[in-house]
1. Does SER117 satisfy the condition of being modelled with pLDDT of 90 or more, within 28 Å of GLY75 (Cα to Cα) and touching a strand residue (DSSP E or B) at 6+ places or on another chain (Cβ under 9 Å)?
2. Please list, ordered by residue number, the helices (runs of 4 or more DSSP H) wholly in region 1-114 having 1 or more residues that are touching a strand residue (DSSP E or B) at 6+ places or on another chain (Cβ under 8 Å), within 15 Å of the ligand (Cβ to nearest atom) and aliphatic (A, V, I, L, M).
3. Looking at GLU174, GLU145, GLU193 in this structure, which one is loosely packed, with under 12 Cβ neighbours inside 10 Å and in a helix (DSSP H, G or I)?
4. Please give the number of the condition LEU294 fails out of (1) touching a strand residue (DSSP E or B) at 6+ places or on another chain (Cβ under 6 Å); (2) near the ligand (Cβ under 9 Å from one of its atoms).
5. Among the residues in region 1-16, are any surrounded by fewer than 19 Cβ atoms within 10 Å (Cβ to Cβ) and closer than 17 Å to ALA371 by Cα?
6. Condition check: buried (at least 18 other Cβ atoms within 10 Å of the Cβ) and near the ligand (Cβ under 9 Å from one of its atoms). Does LYS412 satisfy that?
7. Suppose we keep only residues that are within 12 Å of the ligand (Cβ to nearest atom) and of a type in the set (Gly, Ala, Ser) within region 298-338. Which one would you say is farthest from GLY41 (Cα to Cα)?
Amino acid sequence: MAQELGGIFERKILQHRLIVVSGADLVREVNDEEKWAKFLGQPLRKLRVIAGDGLFTAFNSEPNWRKAHNILGPGFSQAAMRSYHDSMLTVIDQLLHSWDVAAEGGRYVDVSQSMTSLTFDVIGRCGFSHDFDSFNRTEPDPFIEAMSRALEYVNRSSNDIPILRALFGRAAREQHARDIALMQETVDRIVDERMRSGDTPTDLLDLMMHTADPDTGEQLSRESIRNQVLTFLVAGNETTAATLGFAIHFLSRYPEVVARARAEIAEVVGADAEINYEQVAKLRYVRRVVDETLRLWPAAPGYFRKVRGETTLGGRTLPPGSWVFVLLPQLHRDPLWGDDPDRFDPDRFESEAVRRRPAHIFKPWGTGIRACIGRQFALHEAVLTLASLIRRYDFAPDPDYELDVHEAITLKPRGLTVKLSRT
Ligand code: HEM
């Protein structure tokens, strides 16, 4: 629709009005933090049933947002990333082991399932020193199943028209309630275990339990801790898993990109050595693969912004209370990206090309003070995982597969499989 209707258009569904913005100049305007702020659109409001006033779903005015933002900031510093590196490697080793078995048997691997197991175990270990042990399960973790269903429900019930609501009537509502209860019980178990053990490992949960907000001297309440842990389990898992999935899809289609990345990894890391923390930042080409993946298929497909007072957009006056949705897949295909914005080309992220382009046309992490707190975490995890996979396997696509992008709050590749062969 954005390609047909242009950089700004309005959709009306019964009484609901939705203004969708994707033109580069207009997005620059709505990213102005003086005049605009994050808005909790319908899907985010519905997520509050799950994560309450956790970081992602808090209203700007809620005191728990600032408190949690201050307390958890150090959990995403460079020093913290360094401390997560080995845990990430441990989980990646489990992924490699399971993919080695598939490669030997000549089997296709279910990419989305593997990436979900990986990112879930990584956030479990790094965030909460908890091992979900996903690679040793024959069935998906009940938390993952409940989370996927809950996100699907929130997505569908946010976009529906009331008349159609009967489609997912009482049974779905009851299932949704059970899913939320299961997710909350899982989190309570993790927090209880920690309280009983009295351990103080360096992780996000430790920060939540033992650090005071430097501004107010207050600590997070037990309820707020539950909301934050749930937020990280969902936000830290879905988006990174989807990004890795899309990246592997592109790698299976562009062997020349795999070859260039492999040469870089050999140069930076050597043939067999383990990838260390410092080397991840030097894998510039692998990082470009991640950026280009986030450009074409940003796992979080957009964000909502609302005006702080009366303001203008594209020269037209908007009254107080107005809000818009920024549509990233189209912003990321704006003519400013060149003639063939649909083509996958990691060289778009060479430093010179990045310098020539305005920064506001690439916004996969959102914008302003409410932008993604987990960005460095996700990037470290994604580059480390892709580098580990690229040096070990060639990826062959299923010749019958066409990319099927599924939306359930996040965008993810559905039904994606690849065949692996050891290099
Ligand atoms: C490729 C992976 C990721 C993408 C594309 C992504 C994208 C985003 C976007 C677009 C927002 C802003 C949403 C808005 O304005 O409404 C956001 C916020 C957030 N993300 Fe991420 N994210 C990713 C990974 C992560 C990870 C790994 C974590 C945690 C470990 C995380 C935690 C959060 C949190 C807590 C917020 C809310 C921040 C606040 O409002 O203060 N994200 N993310």
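1. no
2. Qualifying helices (runs of 4 or more DSSP H): 24-30, 42-51.
3. GLU174
4. With (1) touching a strand residue (DSSP E or B) at 6+ places or on another chain (Cβ under 6 Å); (2) near the ligand (Cβ under 9 Å from one of its atoms) applied to LEU294, the lone miss is (1).
5. So far as region 1-16 goes, no, none of its residues is surrounded by fewer than 19 Cβ atoms within 10 Å (Cβ to Cβ) and closer than 17 Å to ALA371 by Cα.
6. no
7. It comes out as ALA299.
Residue by residue, here is whether (1) crowded, with 19+ Cβ neighbours inside 10 Å; (2) in contact (Cβ under 8 Å) with a residue 60 or more places away in the chain; (3) touching a His at 6+ places or on another chain (Cβ under 8 Å) holds:
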| residue | (1), (2), (3) |
| --- | --- |
| GLU33 | no, yes, no |
| GLY41 | no, yes, no |
| THR57 | yes, yes, no |
| ARG66 | no, yes, no |
| HIS69 | no, yes, no |
| GLY73 | no, yes, no |
| ILE92 | yes, yes, no |
| SER98 | no, no, no |
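The values are calculated or read from the model by the stated rules, or taken from the named source; none is laboratory data. If you're wondering where the values come from, they're calculated on a predicted model, not measured in any experiment. Ideal geometry is used to build each Cβ from the backbone, glycine not excepted, and the neighbour counts take in all protein chains shown.
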